Amino acid sequence: MGGRDRPEPAQVLMAPSRPPQQSSEMNGRAEARIVIVGAGFGGLWAAKRFAARRLAVTLLDKNNYHTFFPLLYQVAAAELSPSEIAYPIRGVFRNEPLVEFRRAEVRDVDLGAHIVNIDGSRLAYDYLVIALGSVPNFFGVEGAARHSFPLRTMDDAIPLRYHILTCFERAAQAADAELRKSLLRFTIVGGGATGVEYAGALAELIYGPLLQDYGTISPEDVQVRLLEAGERLLPGMPERLQAYARVRLEARRVTVRTGCRVEFVGPNRIVTGDDGELATHTVVWSAGVQGDPTVSRWGLPVGPAGRVPVGPTLQLPDHPEVFVVGDLAYLESDEGELPLVAQVALQQGSAAADNVMRMIRGEPPVPFTYRDLGMMAVVGRNAAVAQIWGGTFTGFGAWILWLVIHVSNLIGFRNRALVLVNWAWNYVFYRRAVRLILPDATRDPPPESRPSDSGL
């Protein structure tokens, strides 16, 4: 997404109509033109809500699939394949003729004219729901954007997985002991849910299947670090769960450092405030997110962490026909800032759709109320933490609960079945099924970040 490619006026695909408040319903379908930008949790659930109420909607996304982000780290850890946590958007709405999906990149949005510019064409709207989500936040750390692997999209997870596997291939063939050790040092920055879950999954991948595959590599040559700037892992969870997660990670040979702030990231090293320079060939950045910067070029107001401030009803204060939901929306509740989790996004997507329907009927929108369904994180095999239903759970029971909830929320029976089969296979045989190094997927983003990895 960026600026316009062509100076000439684009074709208007849908001409402006009467003001939204004057829209009428005919044969169960509103004449108001509704556009949704982004098919993540917020955008997808908004579209589902409109479809359930028989309202026509146009859904835009640069990808033709929806990614189940809570399991993305398992793709990066060679536990699941991309197709098992992604689902074609057109397939989601196969039986919903009122939902039109367009794979397109939004060039910009003209808020005054109610126009979305997409790939040289213009799409008019009466109501707009923006659900672009978030991007990694590197907090101004020098070299972090260039030399680390984020874990936010499928385009991040796949190259990271192949990079990990290739490090072992190179280490197994390295004659120099120091080079071999450097290739096998892995650092995860950020001790939130993504960092904790990936650290546990990576440790199980390494100390299980990979060391079995590469018999010439000694476990003593491998090091997995998890660095967190705060004093505890999993901020926002009860202290008991935080402590349990740390103990279980350390039992899996993960070196956990809290109160450790990263100040510099290079191609083969990092610098922290306490430890100074640490050698590491791989840095996975999961320290935080910020709003998609694209919206600032559209003229939307930008607040803390690049997110768009919205009112209690999720509307832009100066443009009540525009709703912002998910990670991109900045909205404080009575308990403070809302967490950046999938549950918030899908609840806001549904709430925004409901408010649009109220406005179409001539009714005022209502404030969004978040229902906290709890927090969960898996630490590894038979180990998880959960704060749910007013209680806290750890260990095997929390792990089973995590499995059930995540499988049930996957889109598509095929995906649920495949994930269950892979999990069962991994659990019984201690193996990871997805350990192929495919030439067309070995992209180390960005290429210049790892000059020593040429050819990976």
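The values are calculated or read from the model by the stated rules, or taken from the named source; none is laboratory data. Treat the numbers as computed from the prediction; the structure is a model and nothing was measured. Cβ placement follows ideal geometry from the backbone for every residue including glycine, while neighbour counts extend to all protein chains displayed.
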Next on the checklist: Kindly evaluate GLY374 against the criterion of being out of contact with any Pro (no Cβ under 8 Å at 6 or more places or on another chain) and in the same structural domain as LEU241 (by TED's automatic domain parsing).
Outcome noted: no
Checklist outcome for this item: Taking the stretch 262-315 and keeping residues within 23 Å of TYR127 (Cα to Cα) and among the aliphatic types (A, V, I, L, M) leaves VAL295, LEU300, VAL302, VAL308, VAL310, LEU314
Checklist entry - Restricting attention to the stretch 270-284, does a residue exist that is touching a Gly at 6+ places or on another chain (Cβ under 6 Å) and within 15 Å of PHE139 (Cα to Cα)? => result no
Checklist outcome for this item: ALA175: passes all of (1) of a type outside the set (D, E, K, R); (2) part of a loop (DSSP other than H, G, I, E, B); (3) touching a Gly at 6+ places or on another chain (Cβ under 9 Å); (4) over 20 Å from VAL196 (Cα atoms) but (3)
Checklist outcome for this item: So, first residue without any contact (Cβ under 8 Å) to a residue 60 or more places away in the chain in the stretch 364-378, second residue in a loop (DSSP other than H, G, I, E, B) and surrounded by fewer than 15 Cβ atoms within 10 Å (Cβ to Cβ), Cβ within less than 8 Å, six or more apart or across chains; the pairs are PRO367/PRO312; PHE368/PRO312; GLY374/TRP389
Next on the checklist: So LEU160 ticks every box in (1) within 25 Å of THR216 (Cβ to Cβ); (2) more than 16 Å from the chain's Cα centre (by Cα) but one. Which box is left unticked?
Outcome noted: (2)
Checklist outcome for this item: Subset of the stretch 211-247, residues of a type in the set (A, V, I, L, M, F, W, C) and either in contact with a Pro (Cβ under 8 Å, 6 or more places away or on another chain) or more than 18 Å from GLU197 (Cα to Cα) (or both), comes to LEU211, ILE217, VAL222
Next on the checklist: Consider the stretch 380-411. How many of its residues are surrounded by 16 or more Cβ atoms within 10 Å (Cβ to Cβ) and in contact with a helix residue (DSSP H, G or I) (Cβ under 8 Å, 6 or more places away or on another chain)?
Outcome noted: 15
Checklist entry - Which is among the hydrophobic types (A, V, I, L, M, F, W, C), surrounded by fewer than 21 Cβ atoms within 10 Å (Cβ to Cβ), in contact with a strand residue (DSSP E or B) (Cβ under 9 Å, 6 or more places away or on another chain) and outside the structural domain of VAL109 (by TED's automatic domain parsing), of VAL283, VAL271, VAL302? => result VAL271
Checklist outcome for this item: Selection over the stretch 93-138 where residues are among the aliphatic types (A, V, I, L, M) and assigned to a loop (DSSP other than H, G, I, E, B) yields a count of 6
